[in-house]
Amino acid sequence: MSDNVSNNKNNQVHDIFGRCITSHLEQSGAVPEKLEALVNNAVITLMGSDMIIEDNFTPMTPLQQPRISQPLESFAQTEFIDELTDKVKHEGFGPHFHQIIGLFGSIMLGLCATEDQQALVNKWLEQGHFGNFLMTDGGGPTLAYWNTTLTPIDDGNFTLNVDKKWGIEGQNVGFGMVVCQQKGKPFPVTVLLSPEKSQTLQQQACGGTFLDGRLQLGNVKGQVQVSKEDFFTKGGLGSVNRFLTLVRPRFVKSLMHHLLWLQQQDRLTLEQDDLSAIDFIINMANWCTAKDTFSIHSVDQVLALKFTSNELLLSLVRKGALKHLNDQRDLLGFTKMEGSSYRCLFEVYSKFKRGRV
């Protein structure tokens, strides 16, 4: 039989490109057949024009063991996060969401903020201010088109134009960590805003609440003056990748525990294939968080994990497994938070493409 009509698995488009994700999933154990099919079909749906037009459609090269690995930082906060994540299984994500996200922020500060900045944040937290991480930009997903920009005023001082949307509790910013574009810089810059500066920004709730009324998103706009001392400069882009390696698996595990809680509350019907998928995703999340090293594959592994979590949530909504519309909306929202499927696939595929023969 000719290659053009062969049914060989390696000649199927969804298997070629699905390997971007499944090769990372396999590092933690055998992927359930139905979950692998779900991932492969999702990859086909999300393929961009550049992948279809420019890719050579040869099989993906097997993953190579990383030649270099580094110790991954440990934080006391992860112990508390893991305790809260376990509670989600019995109490749902809603009662613990803000505390888990707050602890994520504390880890980020430990990786990216100076000692003086961390001292300021601790003071503001003691005063009862809620820290808001503002990432999603009004200009769109591409950094070059962001509206949140830094404009130099004089030596060491800048005007920060803020146009952020869908921030967690963005309608009530205590102090801000604003990710922005700086002209001439290929990567975003994060700026720390004091409670006083944050209060001068326009803040407005956006859309309805999530998680049974416990989570509200909001938009933030305005201008403030900042200095170089307000920039997060510790660690660089590598610190961001380490941060995501530490927190993304814990976020995904919380989502899986939330599904099990919804089932306990008779709000979600889970079939055996769904339960097998949840079990696999939880085990992979545990596998990721048990590692104490950081390598070239670390970020891609947690991107593949988030992609798989997204697609499971979407499948539950598609087949009508949830009784209530608000729960369906919650799950759809979580497929965008901490990495949409398209973004996860794009980042992992980009690395695979560079390694193709």
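Among the residues of the range 275-287, those identified as open to solvent by 10 Å² or more (accessible area, probe 1.4 Å) and either touching a helix residue (DSSP H, G or I) at 6+ places or on another chain (Cβ under 8 Å) or at pLDDT below 95 (or both) are Ser276, Phe280, Ile282, Asn283, Asn286, Trp287. Scanning the range 184-194 for residues that are over 19 Å from the mean Cα position of the chain (by Cα) and more than 13 Å from Asp230 (Cβ to Cβ), we see that the one that is surrounded by the fewest Cβ atoms within 10 Å (Cβ to Cβ) is Gly184.
In summary, Pro249 fulfils each of the numbered conditions (1) touching a Cys at 6+ places or on another chain (Cβ under 9 Å); (2) closer than 25 Å to Phe80 by Cα; (3) open to solvent by 30 Å² or more (accessible area, probe 1.4 Å) with the single exception of condition (3). From the list Trp261, Trp287, the one residue that fits, being touching a Gly at 6+ places or on another chain (Cβ under 6 Å) and farther than 17 Å from Glu33 by Cβ, is Trp261.
Within the range 162-204, being charged (D, E, K, R) and in contact (Cβ under 8 Å) with a residue 24 or more places away in the chain holds for Asp163, Lys164, Lys165, Glu169, Lys183, Lys197. Pairing residues of the range 136-150 that are without any contact (Cβ under 8 Å) to a residue 24 or more places away in the chain and closer than 18 Å to Gly184 by Cα with residues that are outside any loop (DSSP other than H, G, I, E, B) and open to solvent by 20 Å² or more (accessible area, probe 1.4 Å), at Cβ distances under 9 Å and at least 6 apart in sequence or on separate chains, gives Tyr145/Gln181; Asn147/Asn161; Asn147/Asp163; Asn147/Gln181; Asn147/Lys221. Taking the criterion of being surrounded by 19 or more Cβ atoms within 10 Å (Cβ to Cβ), part of a loop (DSSP other than H, G, I, E, B) and touching a Ser or Thr at 6+ places or on another chain (Cβ under 8 Å), the only residue of the range 207-242 that qualifies is Phe232. Would you confirm, using the coordinates I've provided, whether Val88 is over 15 Å from Gly18 (Cβ atoms) and among the aliphatic types (A, V, I, L, M)? Yes, satisfied.
Of the helices (runs of 4 or more DSSP H) that lie entirely inside the range 251-357, those containing 1 or more residues that are basic (Lys, Arg) span 298-318, 325-334, 341-354.
If the condition is being open to solvent by less than 40 Å² (accessible area, probe 1.4 Å) and within 15 Å of Ser340 (Cα to Cα), then the range 21-49 contributes Ile21, Val39, Ala42, Val43, Met47, Gly48.
Within the range 333-341, one or more residues are on the phi < 0 side of the Ramachandran plot and surrounded by fewer than 16 Cβ atoms within 10 Å (Cβ to Cβ). Taken together, Glu115, Glu126, Glu79 contain a single residue that is under 30 Å from Gln265 (Cα atoms), open to solvent by 80 Å² or more (accessible area, probe 1.4 Å) and not hydroxyl-bearing (Ser, Thr, Tyr), which is Glu79.
Just so you know, in the range 150-173 the residues that are closer than 20 Å to Gln225 by Cα, open to solvent by less than 30 Å² (accessible area, probe 1.4 Å) and modelled with pLDDT of 95 or more include one that is farthest from the chain's Cα centre (by Cα), and it is Phe158.
For the range 270-293, the condition holds for at least one residue, the condition being that it is in contact with a strand residue (DSSP E or B) (Cβ under 7 Å, 6 or more places away or on another chain) and under 22 Å from Thr245 (Cβ atoms).
In the condition set (1) assigned to a helix (DSSP H, G or I); (2) under 24 Å from the mean Cα position of the chain (by Cα), Lys197 is compliant with all but (2).
Checked against (1) among the basic types (Lys, Arg); (2) within 26 Å of Val247 (Cα to Cα); (3) out of contact with any Lys or Arg (no Cβ under 8 Å at 6 or more places or on another chain), Lys164 passes all but condition (3). Flag set for Gln181, criterion: polar (S, T, N, Q), within 21 Å of Gln117 (Cα to Cα) and surrounded by 14 or more Cβ atoms within 10 Å (Cβ to Cβ).
Where helices (runs of 4 or more DSSP H) fall wholly inside the range 47-117, the ranges with 1 or more residues that are in contact with a strand residue (DSSP E or B) (Cβ under 9 Å, 6 or more places away or on another chain) and touching a residue at least 24 places away in the same chain (Cβ under 8 Å) are 97-112. Close Cβ contacts (under 8 Å, 6 or more residues apart or on different chains) running from residues in the range 325-339 that are over 10 Å from Ser309 (Cα atoms) to residues that are assigned to a helix (DSSP H, G or I) and polar (S, T, N, Q) comprise Gly339/Asn310.
The values are calculated or read from the model by the stated rules, or taken from the named source; none is laboratory data. Quantities reported herein were computed from a predicted structural model and do not represent experimental measurements. No Cβ is skipped: glycine too gets one built from the backbone with ideal geometry, and neighbour counts run over all protein chains shown. Just so you know, the surface numbers come from the protein's heavy atoms only, side chains and all, with ligands and any DNA or RNA stripped out. Shrake-Rupley method; radii C 1.70, N 1.55, O 1.52, S 1.80 Å.
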